[in-house]
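Just below is one structure, and these are the notes that go with it.
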Amino acid sequence: MQKLPLKSRLREYIRLPLLMREWKKVVNGIGVKPSLPSSSMKRFLIIPCDQKTVIGSRGDEAMMIAMIQSIRAKNSDAVISLLTYADFEHPVLLEYDIGVIPKWANPTWSLKKILEVCSDFDSVMIVGADTMDGHYSLLNSSRLWVVADSVARLGKNSTILGFSFNSKPDPKIINIIKKISSRVNILLRDPVSHARFEKATGRQARCAADAAFQLNESKAIPQMDNLLHWIDARRTGNSKIVGFNVHPMLFDMSDPAVKEKFVQDCSRALLHAVGELPISVLLISHDFRGSNEADLGLLESIYTNLKNDAGDRVYLDRHPYSATELKFIAGNMDAVFSARMHLCIATLGMKKPVGVLTYQGKFEGLFSYFKLPGELMLDPKSMSLEDDIFLALSFLVNNLTQLTSAVNESWAGVKQLSALNTLAATGASLE
């Protein structure tokens with residue numbers, strides 16, 4: 001984890017004690033109100049883990065849209081809104097008739113103001129993803145836990161959708177979690193995270209699978225025409241189509257030498273792979289939040305290194321596809337090698353195998369669901385990364401039939417575990 005800027009650290013130092021005092025005051029004022037019957041739940045509020053960009057991360061988008069789709073499948077008249085930092089427009093909002101409430105911080109963050117918004121809803125869902133353990137922002141993680149607790153004490157249904165929990169959570173977060181109401185539905189998205197959570201906090205939680213496994217993929221759109229023609233042409237040439245994704249959070253972006261070595265390792269590994277294996281490679285971006293956090297900059301550099309020698313064996317599609325569209329694309333791959341959790345989830349959800357570059361210990365649990373071997377989990381900081389990537393791609397291609405069968409055999413059980421998110425959010429029994 002990169003050290004936070006001084007301004008951010010000062011902000012946490014000042015605001016975290018204020019949050020704790022306000023939380024204590026709110027809890028004392030609320031007491032414990034009766035819970036709402038599940039049959040009465042018609043109004044649902046989603047709190048994104050990134051309240052500013054909201055759906056800049058396709059993973060967050062996938063979780064939210066999956067929940068919207070599944071809730072609407074149960075109740076087509078359900079009212080669903082997003083609590084955000086600022087107002088924004090997005091085609092997804094129109095497609096699913098989603099309201100936007102720009103009051104997460106307007107102008108300053110206040111638990112009292114947040115609860116005034118939440119009080120108009122029957123069920124509040126927090127998109128946990130990988131933000132609940134304090135790794136990215138201690139303050140934002142703390143706010144999400146405090147809101148989940150306070151909403152539950154109001155008698156509302158309060159759910160934290162299946163999230164990851166790394167091996168070194170922030171101790172301050174652990175202290176907060178120990179005080180959270182037992183009414184909060186706490187869902188972890190894999191057995192490794194679940195075990196870590198219960199060991200660290202002493203709290204019971206449910207082991208689910210990521211909500212995004214419920215996501216319905218889109219149909220083909222015109223912007224995919226060139227890509228789909230390329231896939232058809234490569235398959236005619238007896239190529240297996242392998243998606244490839246990397247992102248800048250795998251290494252220290254402040255060191256140009258580290259970044260350049262990573263790009264070169266990936267480029268040489270892919271060039272070796274298309275020379276030795278019957279594959280063609282699609283470079284897939286899965287995050288569009290800006291040059292420092294998005295994937296496309298790295299993939300552009302890799303593509304520049306490959307295009308002359310690899311020719312039409314490599315393809316880079318720069319269109320910013322939605323989560324449902326990316327899942328459709330993943331379904332057109334034979335396999336995907338990715339550093340993004342939710343690109344892996346989209347691929348596995350289309351019953352195709354994956355290999356990964358790991359970070360924060362977040363893939364072990366996912367792999368255990370699908371009985372995928374450790375040879376397909378790589379350390380991005382390995383001194384032999386070029387060889388590691390080539391060997392992993394070789395393993396994927398040479399064992400494609402068996403790996404695809406393993407994913408297919410595991411799929412039904414994972415889908416059931418993913419549905420626990422919807423059951424929890426709608427107040428249904430999880431037993």
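The values are calculated or read from the model by the stated rules, or taken from the named source; none is laboratory data. None of the values given here were measured: they were computed from a predicted structure. Using ideal geometry, Cβ is built from the backbone for each residue, glycine included, and neighbour counts are taken over all protein chains shown. Note: accessible area is taken over every heavy atom of the protein model, side chains too, but ligands, DNA and RNA are not part of it. Shrake-Rupley method; radii C 1.70, N 1.55, O 1.52, S 1.80 Å.
Between a residue in region 333-350 that is in a strand (DSSP E or B) and any residue that is acidic (Asp, Glu) and at pLDDT below 95, which pairs come within a Cβ distance under 6 Å, given they are 6 or more apart or on different chains?
none
Quick one: count up the residues across region 265-310 that are under 17 Å from residue 387 (Cβ atoms), of a type outside the set (A, V, I, L, M, F, W, C) and open to solvent by less than 50 Å² (accessible area, probe 1.4 Å).
2
Which pairs do you get when a residue that is touching a residue at least 24 places away in the same chain (Cβ under 8 Å), found in region 50-73, comes within reach of a residue that is assigned to a loop (DSSP other than H, G, I, E, B) and hydroxyl-bearing (Ser, Thr, Tyr), reach meaning Cβ atoms under 7 angstrom, with the pair 6+ apart or on two chains?
From region 50-73, the pairs are 51/84; 51/85; 52/85; 54/84; 61/322; 71/426.
In region 177-192, how many are in a helix (DSSP H, G or I) and either open to solvent by 10 Å² or more (accessible area, probe 1.4 Å) or within 17 Å of residue 363 (Cβ to Cβ) (or both)? Write out each step before concluding.
First pass over region 177-192, keeping only residues in a helix (DSSP H, G or I): 177, 191-192.
When the remaining residues are screened for being either open to solvent by 10 Å² or more (accessible area, probe 1.4 Å) or within 17 Å of residue 363 (Cβ to Cβ) (or both), the result is 191-192.
So the count comes out to 2.
Tally time: how many residues in region 313-333 are open to solvent by 20 Å² or more (accessible area, probe 1.4 Å), farther than 22 Å from residue 386 by Cα and charged (D, E, K, R)?
Residues flagged as open to solvent by 20 Å² or more (accessible area, probe 1.4 Å), farther than 22 Å from residue 386 by Cα and charged (D, E, K, R) within region 313-333 amount to 3.
So the check is Cβ under 6 Å with 6+ separation or different chains; which pairs have a first residue in region 369-396 that's farther than 24 Å from residue 239 by Cα and a second one that's at pLDDT below 95 and surrounded by fewer than 20 Cβ atoms within 10 Å (Cβ to Cβ)?
What qualifies is 380/250.
Considering region 193-232 alone, what residues qualify as being more than 30 Å from residue 361 (Cα to Cα) and part of a helix (DSSP H, G or I)? Break it down into steps so the answer makes sense when it comes.
Initial filter on region 193-232 (more than 30 Å from residue 361 (Cα to Cα)): 218-232.
Within region 193-232, 222, 223, 224, 225, 226, 227, 228, 229, 230, 231, 232 meet the criteria.
Just to be sure I understand, how many residues within region 57-80 are crowded, with 18+ Cβ neighbours inside 10 Å and touching a Lys or Arg at 6+ places or on another chain (Cβ under 9 Å)?
Looking only at that region, the number is 6.
I'd like to know if region 101-122 contains one or more residues that are among the hydroxyl-bearing types (Ser, Thr, Tyr), touching a residue at least 24 places away in the same chain (Cβ under 8 Å) and either farther than 21 Å from residue 322 by Cα or part of a strand (DSSP E or B) (or both). Don't jump to the end; show me each part of the working.
Residues of region 101-122 among the hydroxyl-bearing types (Ser, Thr, Tyr): 108, 110, 119.
Filter once more, keeping what is touching a residue at least 24 places away in the same chain (Cβ under 8 Å): 110, 119.
With the extra rule that they be either farther than 21 Å from residue 322 by Cα or part of a strand (DSSP E or B) (or both), the set shrinks to 110, 119.
Checked against the condition, which is being among the hydroxyl-bearing types (Ser, Thr, Tyr), touching a residue at least 24 places away in the same chain (Cβ under 8 Å) and either farther than 21 Å from residue 322 by Cα or part of a strand (DSSP E or B) (or both), region 101-122 yields at least one hit.
For residue 138, all conditions in the list (1) surrounded by fewer than 19 Cβ atoms within 10 Å (Cβ to Cβ); (2) at pLDDT below 95; (3) closer than 22 Å to residue 109 by Cα hold save one; what is the number of the exception?
The one condition residue 138 does not meet is (1).
Output the residues belonging to region 351-372 that are out of contact with any helix residue (DSSP H, G or I) (no Cβ under 8 Å at 6 or more places or on another chain) and part of a helix (DSSP H, G or I).
none
For region 153-187, what are the residues that are among the aliphatic types (A, V, I, L, M) and either under 23 Å from residue 46 (Cα atoms) or out of contact with any helix residue (DSSP H, G or I) (no Cβ under 6 Å at 6 or more places or on another chain) (or both)?
Applying the first criterion (among the aliphatic types (A, V, I, L, M)) to region 153-187 yields 154, 160-161, 173-174, 176-177, 180, 184, 186-187.
Across region 153-187, the qualifying residues are 154, 160, 161, 173, 176, 177, 180, 184, 186, 187.
Answer yes or no as to whether residue 43 is charged (D, E, K, R), buried (at least 23 other Cβ atoms within 10 Å of the Cβ) and in contact (Cβ under 8 Å) with a residue 24 or more places away in the chain.
Working: charged (D, E, K, R): yes; buried (at least 23 other Cβ atoms within 10 Å of the Cβ): no; in contact (Cβ under 8 Å) with a residue 24 or more places away in the chain: yes.
Spelling it out, it is not the case that residue 43 is charged (D, E, K, R), buried (at least 23 other Cβ atoms within 10 Å of the Cβ) and in contact (Cβ under 8 Å) with a residue 24 or more places away in the chain.
Quick one: which of 339, 294, 269 is among the small types (Gly, Ala, Ser) and at pLDDT 95 or above? If you could, list the steps in order and put the result at the bottom.
Working: 339 fails: at pLDDT 95 or above; 294 fails: at pLDDT 95 or above.
Within the list 339, 294, 269, the selection yields 269.
Of all residues in region 373-431 being among the aliphatic types (A, V, I, L, M) and outside any helix (DSSP H, G or I), which is least open to solvent (accessible area, probe 1.4 Å)? Write out each step before concluding.
Restricting attention to region 373-431, the residues satisfying the condition of being among the aliphatic types (A, V, I, L, M) are 376-378, 383, 385, 389, 391-393, 396-397, 400, 403, 406-407, 412, 414, 417, 419-420, 423-425, 428, 430.
Going one step further and asking which of them are outside any helix (DSSP H, G or I), we end up with 377-378, 383, 428, 430.
On the way: 377: 56, 378: 16, 383: 170, 428: 43, 430: 33 Å².
Selected residue: 378.
Between a first residue in region 281-293 that is closer than 29 Å to residue 394 by Cα and a second residue that is surrounded by fewer than 18 Cβ atoms within 10 Å (Cβ to Cβ) and modelled with pLDDT under 90, which pairs have beta carbons less than 7 Å apart while being 6 or more apart in sequence or on different chains?
Once the first residue is closer than 29 Å to residue 394 by Cα and sits in region 281-293, its partners that are surrounded by fewer than 18 Cβ atoms within 10 Å (Cβ to Cβ) and modelled with pLDDT under 90 give 287/293.
Checking the structure you have, find out if any residue of region 343-350 is open to solvent by 20 Å² or more (accessible area, probe 1.4 Å) and small (Gly, Ala, Ser). Talk me through it step by step, then tell me what you get.
We begin by selecting, within region 343-350, every residue open to solvent by 20 Å² or more (accessible area, probe 1.4 Å); these are 350.
If we keep only those that are small (Gly, Ala, Ser) as well, we get none.
No, every residue in region 343-350 fails to be open to solvent by 20 Å² or more (accessible area, probe 1.4 Å) and small (Gly, Ala, Ser).
Restricting attention to region 10-19, report how many residues are among the aliphatic types (A, V, I, L, M), farther than 26 Å from residue 162 by Cβ and in contact (Cβ under 8 Å) with a residue 40 or more places away in the chain. Talk me through it step by step, then tell me what you get.
As a first pass, look at region 10-19 and keep what is among the aliphatic types (A, V, I, L, M): 10, 14, 16, 18-19.
After this cut, where a residue has to be farther than 26 Å from residue 162 by Cβ as well, the list is 10, 14, 18.
This time we only want the ones that are in contact (Cβ under 8 Å) with a residue 40 or more places away in the chain, so: none.
Count: 0.
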